[in-house]
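K.L.:
Below: one structure in structure tokens.
The values are calculated or read from the model by the stated rules, or taken from the named source; none is laboratory data. What you see is a predicted model, and the numbers here were worked out from it, not measured in a lab. Neighbour counts are summed over all protein chains in view; Cβ atoms, including those assigned to glycine, are modelled from backbone coordinates with ideal geometry. In case anyone asks, the SASA skips ligands and DNA or RNA and just uses the protein heavy atoms, side chains included. Shrake-Rupley method; radii C 1.70, N 1.55, O 1.52, S 1.80 Å.
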Amino acid sequence: MKNRGMRLMALSLLLLVSCVSGTTYLDPENPSGAPGWGAYEVRRASTDLVTELYRYLSEKDTPALLAFKPIRNRTTEHIETEMLADQIRASLIAKKIYFVQLGLRGEILKEMELGQSGLIDDSAIPIGHLKSPNYYLEGVITDAVNQNNGNSIQYIIVTLSLTSAQTGVTE
């Protein structure tokens with residue numbers, strides 16, 4: 001009886017492993033064989049965008065502090081906009097262009113308030129050091145479909161815009 005239970009458990013594990021092993025992993029550096037807009041396209045687009053953004057921001061007199069607004073996908077394709085945003089953010093941070101996390105401000109303010117209450121030891125967060133972004137970075141992904149000899153060719157266009165927090169002007 002005990003031996004039969006072990007065989008059923010082993011068979012169940014084998015079935016579970018065989019169901020899970022259906023995933024195929026592709027090399028993100030190899031553009032062939034991957035349908036749609038995937039890791040290769042995200043990496044390539046983010047590299048080009050970061051190069052241009054960094055060049056532009058490094059010419060400014062004051063260091064840039066960015067706030068990233070969500071990238072909107074206006075195509076019919078499923079595109080991981082968060083993956084693209086994460087790649088852009090990480091690449092810019094590596095180049096010493098930093099981001100203000102506006103979504104965490106509420107939590108940070110609560111932590112500061114708790115520190116001011118006297119309940120926290122010397123590790124309390126001091127007030128008066130929060131930063132404001134001087135630019136808002138937002139993006140949109142669009143597509144255009146052209147016909148060429150009866151074939152449809154889809155072009156994916158990624159556009160980032162940088163808006164000054166001081167003036168509201170998109171640069």
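K.L.:
Just give me the residues in segment 94-111 being out of contact with any helix residue (DSSP H, G or I) (no Cβ under 7 Å at 6 or more places or on another chain) and open to solvent by less than 70 Å² (accessible area, probe 1.4 Å), in sequence order.
P.N.:
Val100, Leu102, Arg105, Gly106, Ile108 - these are the residues of segment 94-111 that are out of contact with any helix residue (DSSP H, G or I) (no Cβ under 7 Å at 6 or more places or on another chain) and open to solvent by less than 70 Å² (accessible area, probe 1.4 Å).
K.L.:
Can you work out which of the residues in segment 17-54 that are part of a loop (DSSP other than H, G, I, E, B) and β-branched (Val, Ile, Thr) is modelled with the lowest pLDDT?
P.N.:
Only one residue fits best here, namely Thr23.
K.L.:
Going by the structure shown, is Ala85 under 26 Å from Arg55 (Cα atoms), surrounded by 11 or more Cβ atoms within 10 Å (Cβ to Cβ) and without any contact (Cβ under 8 Å) to a residue 12 or more places away in the chain?
P.N.:
Criteria not met by Ala85.
K.L.:
Cβ-Cβ below 7 Å, separation at least six or inter-chain, first residue in segment 111-124 and small (Gly, Ala, Ser), second open to solvent by less than 80 Å² (accessible area, probe 1.4 Å) and part of a helix (DSSP H, G or I): which pairs?
P.N.:
Note: pairs meeting the criteria are Ala124/Gly115.
K.L.:
Restricting the search to segment 88-102, which residues are free of Cβ contacts under 8 Å to residues at least 24 places away in the same chain and among the hydrophobic types (A, V, I, L, M, F, W, C)?
P.N.:
Residues satisfying the conditions are Ala90, Ile93, Ala94.
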